[in-house]
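Step one of this worksheet: look at the structure below.
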Amino acid sequence: MKKDVIIFQNSTKYLNEGTGISKGILYCHSEYTKKNYCSCGACDGHCDNDGCACPDCENTLSYLLYSTGKMLCEKCNKTLIRINIYNLKNILKSNNIPNPAFKCNICNKSFCNELYIPLMHCMKCNFDMCPSCAFEKLISLTESEWNSINIDIEKNAEIFYKGKNSGLGNIYCGKNFTEKNFCLCGTCDGNCGPTNGCPCPKCDAVLGYNLYLKKNGLKCDKCGSLLIKTKLGFIKKEPKFEKINLKCFLCNEDNNNQLDFQNIYFCYKCKHNVCQKCAYEKNIKDIKDITLPKLPIIFFENEIRKTIKNNKNKNLKICNQYILSLRKKNENGKDICIYLKTLIGKIYTININDSEYVWKIFEKMKKIDNKFKEDNTILYYNSNILDNNDFICDYQIGNENVINIMIKS
């Protein structure tokens, strides 16, 4: 059984990996916009297991992926660009470039019909990596590798440059990330700034993360929904937005006159937008105020199950509660009635959800009779001794089934 991957952040926020076609995308289970107001126009507005992730989750995941240093093309060794297939198709079409197969070059899975799945794409070689394979590279890092990334981040955290002229509203690290003309817009020198041009994907993610921390001015003035960070060129290349007014509703400047690589914060329902300069000025007073997403502590459900019962670590207990809520939601946990039968034939009845841990049965048993304790009582069902750290549903215990009790002498 595939275990949930939980990413623990700042003691309060948890992100978990999506399911099905959304494997490799992180979700925080918050409502971030209204139904059909997301970038694809078809989601329910919840950042929840599949569909579009909220901008905060997307920027955080992008930063974490690029922090590994492993998001490189296996053909030319240049940085892969994280972009959804719909926007990539529009870019290739406008440049008269034939569409690639949109097939992951690692796992060979095809994504040609999944328009809003973000691929890691090489603009030079058409090498593609699916979100699931990219995420596997992230969670496969060892503790020592994470530590070395942390050290590198601490040394370089202050090295950001504020954009100027056409780059105003962007941040740059000044490093080379691809070859000339193989950036996202196809016309830059392949360097991240240091004053204008396309930022590297990592800097773009850091900027998005910081802007959505405060969200000042990033809500539609018409419907109140959260504006989605995208590239101006993506909006211009969408046929349905061909004749819309792209004036920033904060400064009234016409974004149609700006360059395609620039960010725009856009309401996909009302077509209202904020330019990158206003978004920056509203949320970042000084380039030194830029903060980086916390690198994660990664928990696997099977590891937590072994340690949670006797571990006093508060964070693990919080994480455990989160896992339970996910299981109930994702695996359709059922409320069941079970019978507990002693060797002398006495029967006790308890009601419980089958997604709970086995040790939760003991908590209910103690309320009936405090002679039942975990260290002197064995539960067994169908000749299997129940492990306290397993879930009830792991043993396929159903409604009105009988669990036998044996008390150690």
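For the subset of the range 231-271 comprising residues that are over 19 Å from residue 217 (Cβ atoms) and touching a residue at least 40 places away in the same chain (Cβ under 8 Å), which member is surrounded by the most Cβ atoms within 10 Å (Cβ to Cβ)?
261
Among 274, 206, which is more than 17 Å from residue 58 (Cα to Cα) and at pLDDT 90 or above?
274
What tally of residues in the range 94-126 results from selecting those that are charged (D, E, K, R) and free of Cβ contacts under 8 Å to residues at least 24 places away in the same chain? Spell out how you get there, then give the answer.
At the first step, the residues of the range 94-126 found to be charged (D, E, K, R) are 103, 109, 114, 124.
Narrowing further to those that are free of Cβ contacts under 8 Å to residues at least 24 places away in the same chain: 109.
Residues meeting the conditions: 1.
Just name the residue that is surrounded by the fewest Cβ atoms within 10 Å (Cβ to Cβ) out of those in the range 203-225 that are touching a helix residue (DSSP H, G or I) at 6+ places or on another chain (Cβ under 7 Å) and outside any loop (DSSP other than H, G, I, E, B).
Applying the first criterion (touching a helix residue (DSSP H, G or I) at 6+ places or on another chain (Cβ under 7 Å)) to the range 203-225 yields 205-206, 208-212, 214, 216-218.
Then drop every residue that is not outside any loop (DSSP other than H, G, I, E, B), which leaves 205-206, 208-212, 214.
Details: 205: 25, 206: 25, 208: 21, 209: 20, 210: 19, 211: 27, 212: 23, 214: 11.
Out of the qualifying residues, it is 214.
Within the range 10-26, identify whether any single residue is modelled with pLDDT of 85 or more, among the small types (Gly, Ala, Ser) and in the same structural domain as residue 131 (by TED's automatic domain parsing), and answer yes or no. Full working, then the answer.
We begin by selecting, within the range 10-26, every residue modelled with pLDDT of 85 or more; these are 22-26.
Restricting the remaining residues to those that are among the small types (Gly, Ala, Ser) gives 22, 24.
Right, trim to in the same structural domain as residue 131 (by TED's automatic domain parsing) and you get 22, 24.
Yes; the residues of the range 10-26 include at least one that is modelled with pLDDT of 85 or more, among the small types (Gly, Ala, Ser) and in the same structural domain as residue 131 (by TED's automatic domain parsing).
Residue 198 - would you say it is within 19 Å of residue 77 (Cβ to Cβ), in contact with a Leu (Cβ under 9 Å, 6 or more places away or on another chain) and in a loop (DSSP other than H, G, I, E, B)?
yes
Can you find, within the range 151-160, the residue that is farthest from the chain's Cα centre (by Cα) among those that are modelled with pLDDT under 75 and part of a loop (DSSP other than H, G, I, E, B)?
The selected residue is 158.
Mind checking which residues of the range 163-187 are closer than 25 Å to residue 251 by Cβ and not charged (D, E, K, R)?
Once the filter is applied, which keeps residues that are closer than 25 Å to residue 251 by Cβ and not charged (D, E, K, R), the range 163-187 yields 163, 165, 166, 167, 168, 169, 170, 171, 172, 184, 185.
May I ask you to verify whether residue 97 is within 18 Å of residue 78 (Cβ to Cβ) and either surrounded by fewer than 17 Cβ atoms within 10 Å (Cβ to Cβ) or outside the structural domain of residue 260 (by TED's automatic domain parsing) (or both)?
When the stated conditions are applied, residue 97 passes them.
Hey, among 257, 245, 263, which residue is in the same structural domain as residue 135 (by TED's automatic domain parsing) and within 23 Å of the chain's Cα centre (by Cα)?
Going through 257, 245, 263 in turn, the sole match is 263.
Search the range 136-150 for residues being hydrophobic (A, V, I, L, M, F, W, C) and in a helix (DSSP H, G or I), and hand back the single one that is modelled with the highest pLDDT.
Out of the qualifying residues, it is 138.
I need the full set of residues from the range 185-198 which are in contact (Cβ under 8 Å) with a residue 60 or more places away in the chain and either within 19 Å of residue 284 (Cα to Cα) or crowded, with 24+ Cβ neighbours inside 10 Å (or both), in order please.
The answer is 198, and nothing else.
May I ask you to list the residues in the range 165-183 that are small (Gly, Ala, Ser) and either outside the structural domain of residue 69 (by TED's automatic domain parsing) or within 19 Å of residue 71 (Cα to Cα) (or both)?
Scanning the range 165-183 gives a single hit, 174.
If you check every pair at least six apart or on different chains, which have Cβ atoms under 7 Å apart with a residue in the range 66-88 that is in the same structural domain as residue 142 (by TED's automatic domain parsing) first and a residue that is of a type in the set (Val, Ile, Thr) and not in a helix (DSSP H, G or I) second?
If the second residue must be of a type in the set (Val, Ile, Thr) and not in a helix (DSSP H, G or I), the pairs left are 71/79; 72/79; 78/178; 79/178; 84/117; 85/117.
The values are calculated or read from the model by the stated rules, or taken from the named source; none is laboratory data. Because the structure is predicted, anything quoted here is derived from the model rather than measured. Ideal geometry is used to build each Cβ from the backbone, glycine not excepted, and the neighbour counts take in all protein chains shown.
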